[in-house]
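Data block below; observations after.
The values are calculated or read from the model by the stated rules, or taken from the named source; none is laboratory data. This structure is a prediction, so every number in the text was calculated from the model and none was measured. As a convention, Cβ positions derive from the backbone with ideal geometry for all residues, glycine included, and neighbour counts pool all protein chains shown.
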Amino acid sequence: MRISCMQESLARGLATVSRAVATHSSLPILSNVLLASDKGRLKLSATNLELGINCWIGAQVEQDGQITVPARILADLVNSLPPERVDLQLVVRTNTLNLKCGRLEANIKGLDAQEFPLIIIPDDEKPLLLKAGMLAQMIDQVAFAAAQDDNRPVLTGVLADLSADTLTFAAADGYRLSVRKEPVEGVAWQSSVVIPAKALQELRRLSADADAPVSMLISRNRNQVFFHLDEIDLVSQLVEGSFPDYNAIVPTSYNTKTTLLTADLLSAIRMAYPFARDASNMVRLQIVPGGAEAVGKVVITASSPDHGDIVSELEATIEGTPVEIAFNARYLIDILSVVNTPQVTLTTRDPSSPGVFRPDNGPALEHVVMPMHIGR
């Protein structure tokens, strides 16, 4: 193998695949990155057996070949190189990668590429094409609600429910639920699977600047989901188990509907958060409807036994009965940070029933939050 490429391209490619490198594994090969010639380009691959990423960069290929080398050593070295041409050559007899750049020369001992798990995207099925911006927004608005611990593995993932004309993402951790729906076209197959939230967040990172559509393919017989971006493949294992029926969790009725300016509510919750931290993150919302001509208001309070308290008042359009309800401030900040409409609505039934936040005149997005008990 003899391949030349620019330092900037190699550094960018290594950064792309680095998140899939195994950090603690009994298989040394999984701590390596695969470098291989592929149709006149340099292919980089990494996998931890749950997540795999392929990336292709422009290169001059003089001789085909492949080798795996420790990902961290190679990335640290390449990031330290000047922005010049990098020459890579495989010494087959010793499985060593010789790297030259300017006046620097390094030899990195590697492992035979034949031992590296292949990351292959099926080409015998029709993928679903999704707009990169829309997919990124869906991930942003849902994935944060997935559980962080492994007590219930299925809740660490995001349900991807694909019907004939709608793609639904749903995530829950037992205290909150986020559901986002988006119309789609060209659905050749229908499916309902659970994708690891971390895999979708990695996809979000990789597609941040993408303009071309992202292709998505679910392979049930391999228990994997595949995404293809321009010059990048991402493959993830699916999460086994049955995701809760999210339709049964979303309340179907309410007694009070409150509409506020999203930015104002987010600002008020953020200011209350430092005081709420000492009280299990609890922030209270006292919702007071206006009279026939008066404007309604929402009084937001949080208190700390050691640091004091805070009270803020916001104008709101309120339909229904007055109510005082408490939520986890951290959850509200997460929700309001991804509501991309000027106004947000909150529907409530009573202090002990879940509240539902929705963008006002926005996409089909629902955030259901369990209330906190208000001690008297």
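With THR96, THR47, THR16 as the choices, which residue is touching a strand residue (DSSP E or B) at 6+ places or on another chain (Cβ under 7 Å), touching a residue at least 60 places away in the same chain (Cβ under 8 Å) and not aliphatic (A, V, I, L, M)?
The unique qualifying residue is THR16.
Only strands (runs of 3 or more DSSP E) whose full extent lies in the range 334-376 are considered here, and the ones with at least 1 residues that are surrounded by fewer than 15 Cβ atoms within 10 Å (Cβ to Cβ) are 364-369. With respect to the conditions (1) within 27 Å of ASP140 (Cβ to Cβ); (2) part of a strand (DSSP E or B); (3) touching a helix residue (DSSP H, G or I) at 6+ places or on another chain (Cβ under 9 Å), THR301 falls short on a single one, namely (1). Go through GLY133, GLY157 for me and flag whichever is free of Cβ contacts under 8 Å to residues at least 24 places away in the same chain and either surrounded by 14 or more Cβ atoms within 10 Å (Cβ to Cβ) or not polar (S, T, N, Q) (or both). Just a single option satisfies the conditions, and that option is GLY133. Exactly one residue out of ILE73, ILE67, ILE121 is touching a strand residue (DSSP E or B) at 6+ places or on another chain (Cβ under 7 Å) and in a loop (DSSP other than H, G, I, E, B): that is ILE121. Among (1) modelled with pLDDT of 95 or more; (2) outside the structural domain of SER215 (by TED's automatic domain parsing); (3) among the charged types (D, E, K, R), there is one condition ARG93 misses while meeting the rest; what is its number? Unmet condition: (1).
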